[in-house]
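Here's the structure, in structure tokens; my notes come after.
Nothing in this text is a laboratory measurement; each read-out follows from the coordinates by a stated rule. If you're wondering where the values come from, they're calculated on a predicted model, not measured in any experiment. Here Cβ is always computed from backbone atoms with ideal geometry, including for glycine, and neighbour counts include all displayed protein chains.
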């Protein structure tokens, strides 16, 4: 993708995150004045931290690349080879890496993006549930994943690869320790990995498989000295890591900042949705009381208004006020314009129920107005007036209750949409990605996840 387009994606992501943080500023600062607000402030503190962390990450232009794999596949060695020095501990024992550790890598002085390499424990070590959760947490934060194997892929590795693939993150399959295999065996394994990539639903693209020898085993060589003496000595070769370096840099130059923006937005979207869910759950009773209050108000207002059309207009205004009041109860963002859009969405998605309410209300309103005019000449028509008013008010009250219930669902699920909503910006980025990118291959999965 063009540099200008990547910068645009990054700037849109920053604006979206800043907007999200501004929405919940009352929770970050004082927790609000009511006890319920203080309680909600404590509940959503982890999500607020996620939003702050995501914004800080894209402000600093830090791309996170995490290495995963089973024990003794050479994950630490691969990262050391990329850095060009032995920073991370390696060794023959299983499980040298006991917890995630990160190091900075600056492949080019001209690079605008900083790279953070994350080393992780083997996915098949003891305390499996704890390690699996750790892997999920690291994968969620990563912008690019390296999955390291050291031969034909095993069933355990395949399952782990599929699990990581479900995070919808770009992934490079790294075939390490190629120095241990004869050329024919190496090529056979490489072809098997490529076949894996093309079977059924793509777990990975064949273009995203690279071969490396991150820490070549010392080779015994015979040395003949000038004095005729012959000795056997161990010779260490340099890492074969160029192919992986080029693959990473190619991805980062082509779409690195877009990846950074997209991952920050995905994390922010999940955090924002969780804040909405907790808000709705905590204030459910208060919201139900408010819905019933507006239901009674709308029923009375519509029933007592003798002028057709004005009674319907008053009912619509009441519904808009209900939606905004619900948003205020939940502490969720909602403008008058967004409330009107939400009401229109609820009307159209109600299967004709609420539209029928408007039609019935108009019909009864006209009858009520006619009865009101006629009652001035014949008091007996008051019975018809009150009958139409009661029927119209009952239907209007029921409609308001339906709007309130639907609005609760939309407020919880729709908090990530809007002009700069995280879901909106994610969708914009996905619509602009070019066909030759990793993001293009992930677009369908990410779009399905949004919907």
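Observations, loosely collected:
- Between residue 242 and residue 4, the simple spin-label model (points 7 angstrom out along Cα→Cβ) gives 3.5 nm.
- Per-residue Cβ neighbour counts within 10 Å put 9, 277 in the sequence 277, 9, beginning with the fewest.
- For the range 154-245, share of DSSP beta bridges that run antiparallel, in % to the nearest 5: 70
- Taking 0.36 nm per residue of separation and subtracting the current Cα-Cα distance, fully stretching the chain between residue 101 and residue 38 would add 19.2 nm.
- Cα-projected label distance for residue 52 with residue 300, points at 7 Å along beta-carbon direction, nm: 4.5
- Here the calculated FRET efficiency for residue 114 and residue 223, from their Cβ-Cβ distance with R0 = 35 Å, stands at 0.20, rounded to the nearest 0.05.
- Neighbour-count order for 219, 211, 134, fewest beta carbons within 10 angstrom listed first: 219, 134, 211
- Rounded to the nearest 0.05, the FRET efficiency derived from the C-beta distance between residue 163 and residue 19 at R0 = 45 Å is 0.85.
- Scoring 164-172, 265-273, 73-81 by mean Cβ neighbours within 10 Å over their residues and listing the highest first yields 73-81, 265-273, 164-172.
- With neighbours defined as other Cβ atoms within 10 Å of a residue's Cβ, the residues 25, 102 order from fewest to most as 25, 102.
- Site pair residue 444 and residue 253 shows an inter-label distance of 3.0 nm when each label is modelled 7 Å from Cα along Cα→Cβ.
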